Every structure is written in structure tokens, then in C-alpha cells.
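Accompanying notes for the structure given below.
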Amino acid sequence: MVITLSEFSKLLSKRKRNPLVVEAQPGRGEPDCFKAGQRILLTLIHTSIVVVLAGCDGSGKTTVARMLASHLAGRYRVSTHWLRGSHLHVSLLYRFLSKTTVFRGLDNPYYKLSVPARLRSLFAILEFTGFLLQFFARRLKLLLSDIVVCDRGVLDFLIWVSTTLRYKSFLRTLLGRFLLTLATVEKPIVLVAKLEVLRERSDVPPAFLKIEYAYYNVLAKYVALTVLDTTNSKPAKTVVEVLSKLGL
């Protein structure tokens with residue numbers, strides 16, 4: 001069974017008192033009853049929790065995900081997962097195509113690739129095949145972990161396709177709408193920062209970052225569990241804010 005952290009917290013808040021649960025005693029250093037209940041519930045019903053951190057390049061996702069996973073590892077079985085776009089066979093194909101005159105360009109700065117407009121829908125489907133393999137790999141980790149901390153999620157993949165393919169109408173396609181719905185269900189924690197700060201932190205071209213930034217600013221309003229500004233925050237402080245939002 002897989003639920004989001006927000007749903008998990010609501011489940012715990014509504015649970016009936018279990019006479020088999022020994023309540024933590026204040027002043028003895030044991031975890032409070034809420035955290036104790038989390039561990040017991042995770043053990044009894046094998047619930048897996050997904051924490052998805054989304055955001056632009058330079059927003060701090062990778063650092064925060066690593067620190068968050070390290071913090072939670074002392075209490076839970078924690079796995080990490082990375083998801084964006086152009087995985088596996090797609091990456092190999094892009095490396096090959098980038099050497100050809102037809103596909104050489106800077107729309108996708110990671111592969112120095114530009115896909116012709118007439119082929120964008122085909123390449124969006126190709127990207128989706130790579131995404132599916134990674135998505136299923138994440139589901140497998142859910143079976144083996146209590147919590148999976150994700151560095152990027154469905155929202156990031158959706159924006160990746162829209163931005164790297166310069167596919168402005170992708171959100172209106174059947175596949176785009178499906179991914180947007182999936183991102184809404186996933187409820188990512190979106191990390192944001194001022195554009196000038198993102199430019200300093202990341203090594204992607206400013207023009208690409210500006211497009212990516214615009215997508216996140218709009219879509220985060222509709223799909224995010226919460227939005228955290230990392231402009232002036234150190235990673236440790238952001239981790240504390242994430243834990244607070246999740247009720248952990």
C-alpha cells in the first residue's frame with residue numbers, strides 16, 4: 001500500500017488508541033507517541049511513503065534529498081531515487097543524434113540537441129518510455145523501503161519534456177495531461193529560489209533556466225504539497241522545513 005506523507009499523517013491523527021502500543025513517557029528520551037505510532041504503523045501495514053523534491057536546476061533538490069535521507073535513515077528503511085528525463089536508451093540515442101547535423105542544437109543543453117518541430121510528439125513518447133522504466137524502478141524501491149526520498153519526480157519530467165523539446169503544447173496533449181494528473185497525485189515539495197540565485201548555483205544556459213523557471217512557477221501552484229524558498233536558506237534549514245511540512 002502506498003500513500004503520500006500528508007495522507008499518512010491524517011491517517012495517524014485519526015487512528016484509534018491501541019492498547020498494545022506503549023506510549024512514550026516524557027522526560028525519558030523516547031520518541032513522542034506520534035513518531036512511535038508512525039514506526040508501529042509502518043511495521044504492521046507495510047506502508048511506504050514517497051517524498052518528492054522538485055524544482056529548477058540550482059534550487060537545492062539533490063543536497064536536501066541527500067541530507068533528508070540521511071536524517072530519516074536512523075529511524076526508517078530509507079531509499080533514494082533520481083528521476084528526470086532522457087534515461088537509459090533515450091540517453092544513448094540522444095548522444096548519437098547530437099552528432100548529426102539535423103539534430104545538433106542547444107534546446108537540450110545537456111546533450112547539445114534540438115529536435116525538429118515535426119518530431120516533437122514522437123520524441124515525447126520516446127522520453128516517456130525511458131520515464132516508465134525509472135518510475136517502475138521507484139515502485140520497486142517502495143516495496144523494500146519505508147520511505148523513498150526522490151530527487152525529482154513527475155513534475156520535473158513533465159517540465160523536462162516541455163523545455164528540452166521546446167514543446168509548448170505538450171501540456172495540452174493526452175500524455176501531457178496524464179503526467180500533470182500524476183504529478184498532482186504525487187504532491188511534490190517544490191524548492192524555489194530567485195532566478196539570479198539559480199543562475200549562480202547551476203551551470204545550465206541562462207535562456208534554458210529562464211524557461212524552466214517559468215514552468216515551475218506556474219505549475220507548482222497546482223500540484224505542489226508546499227513550496228519552499230531556498231534563496232537565503234541553508235540546506236539544513238530547508239531539511240527542517242521539509243520535516244515540519246511532513247509532520248515528521
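The numbers here are math on the coordinates, done by the rules we state, and not lab data. None of the values given here were measured: they were computed from a predicted structure. Quick reminder, even Gly has a Cβ in these numbers, built from the backbone with ideal geometry, and neighbours come from all protein chains shown.
Judged by the mean number of other Cβ atoms found within 10 Å, the most tightly packed of the peptides 59-65, 151-157 leads the ranking 151-157, 59-65. Mind running the shape call on the stretch 129-248? Use the C-alpha gyration tensor, a ≥ b ≥ c as the square roots of the eigenvalues: rounded below 1.5 for a/c, prolate if a/b tops b/c, oblate otherwise. Cα axes put the stretch 129-248 in the oblate bin. Where does the Debye-calculated log10 I(q)/I(0) of the stretch 180-228 sit at q = 0.14, 0.27, 0.33 Å⁻¹, using only Cα point scatterers of equal weight, no solvent? Relative scattering, expressed as log10 I(q)/I(0), comes to -0.38, -0.98, -1.18.
Using the Cβ-Cβ distance between Ala207 and Leu143 with R0 set to 51 Å, the FRET efficiency from 1/(1 + (r/R0)^6) comes to roughly 0.80.
Put simply, the amide H of Leu113, placed in the peptide plane, has neighbours under 5 Å in Gly105, Asp107, Asn108, leaving out anything fewer than 5 places away on its chain.
Karplus-based coupling profile of the stretch 114-123, in residue order and whole Hz: 9, 8, x, 4, 5, 10, 4, 5, 5, 6, with θ = phi - 60° in 6.51 cos²θ - 1.76 cosθ + 1.60 and x standing for Gly or Pro. Each distinct pair of alpha carbons in the stretch 61-210 adds a 1/r term; the inverse of their mean, the Kirkwood radius, is 16.7 Å. Simple spin-label estimate for Thr129 and Ala236 gives 4.7 nm between the two label positions (7 Å along the Cα-to-Cβ direction from each Cα). Between Glu196 and Ser70, the FRET efficiency estimated from the beta carbon spacing at R0 = 35 angstrom works out to 0.75. In terms of modelled amide H atoms, which long-range or inter-chain residues lie less than 5 Å from the amide H of Asp229? Amide H neighbours of Asp229: Val192. Taking amide H as placed 1.01 Å from N in the peptide plane, the amide H of Arg77 sits under 5 Å from that of Asp146, Ile147, each at least 5 places away or on another chain. Counting Lys and Arg as +1 and Asp and Glu as -1 over every other residue whose Cβ lies under 14 Å from the Cβ of Arg199, the net charge comes to -2.
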